[in-house]
Amino acid sequence: MDKNALIQYCDMKEEIKDLRRRITETEKQIFRIAEEGTVKDTVSGGMGGIQHFVVEGMPVPELSRKRLLLNKRKSMLIKKENELLELTNQVEQYISSIEKSELRTIFRLYYIDGMTWTQVAHRMNAMHPKRKIAYNEKNLQKRNERFFAENE
């Protein structure tokens with residue numbers, strides 16, 4: 001496992017968030033269609049197109065398309081969540097295999113918990129208040145770069 005796998009893990013988490021947002025959006029659209037019920041429209045026809053008729057009905061094709069889309073997205077979400085679970089196990093095993101405890105903690109906070117480098121620095125400073133040189137965004141990024149440069 002390398003840095004790309006860790007980045008893939010973070011990207012997949014974001015992809016799942018986006019998919020959940022899309023599912024919620026589709027559910028709202030289905031609810032709105034069902035709530036509105038029938039749709040009315042006026043059409044011209046008969047007697048050379050001079051008569052007007054009111055057509056009323058349920059937009060069944062649109063509703064069924066939205067339901068089909070929702071089902072596809074839900075099945076895709078289940079598949080992606082299973083992939084993420086597998087990837088999470090791999091990432092956690094990889095991070096656990098790192099010798100230095102400090103680096104393991106930094107990597108867990110950044111890659112698994114999804115914190116920014118600034119948030120990681122604040123958390124690490126809270127965990128190690130007596131450290132002579134405080135953690136900051138730049139030195140954490142540098143440690144990350146050095147680790148992967150040494151372990152490639």
Subset tally (residues that are of a type in the set (D, E, K, R), modelled with pLDDT of 75 or more and more than 20 Å from L19 (Cα to Cα)) for the range 33-76: 3
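For (1) surrounded by 11 or more Cβ atoms within 10 Å (Cβ to Cβ); (2) free of Cβ contacts under 8 Å to residues at least 12 places away in the same chain; (3) in contact with a helix residue (DSSP H, G or I) (Cβ under 7 Å, 6 or more places away or on another chain), each residue gets a yes or a no:
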residue: E15; (1), (2), (3): yes, no, yes
residue: L19; (1), (2), (3): yes, no, yes
residue: K40; (1), (2), (3): no, no, no
residue: V54; (1), (2), (3): no, no, no
residue: K66; (1), (2), (3): yes, no, yes
residue: R73; (1), (2), (3): yes, no, yes
residue: E86; (1), (2), (3): no, yes, no
Any chance K3 is among the basic types (K, R) and either closer than 27 Å to W117 by Cβ or touching a residue at least 60 places away in the same chain (Cβ under 8 Å) (or both): yes
Within the range 114-152, tally of residues that are of a type outside the set (G, A, S) and either within 17 Å of I95 (Cβ to Cβ) or in contact with a helix residue (DSSP H, G or I) (Cβ under 6 Å, 6 or more places away or on another chain) (or both): 21
All positions within the range 1-32 that are hydrophobic (A, V, I, L, M, F, W, C) and modelled with pLDDT under 85: M1, A5
Filter pass, E92 being touching a residue at least 60 places away in the same chain (Cβ under 8 Å) and either in the same structural domain as I7 (by TED's automatic domain parsing) or not β-branched (V, I, T) (or both): no
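The values are calculated or read from the model by the stated rules, or taken from the named source; none is laboratory data. No experiment lies behind these values; they were computed from the predicted model shown. A quick note on method: Cβ atoms are made from the backbone with ideal geometry, for glycine too, and the neighbour counts reach across all protein chains shown.
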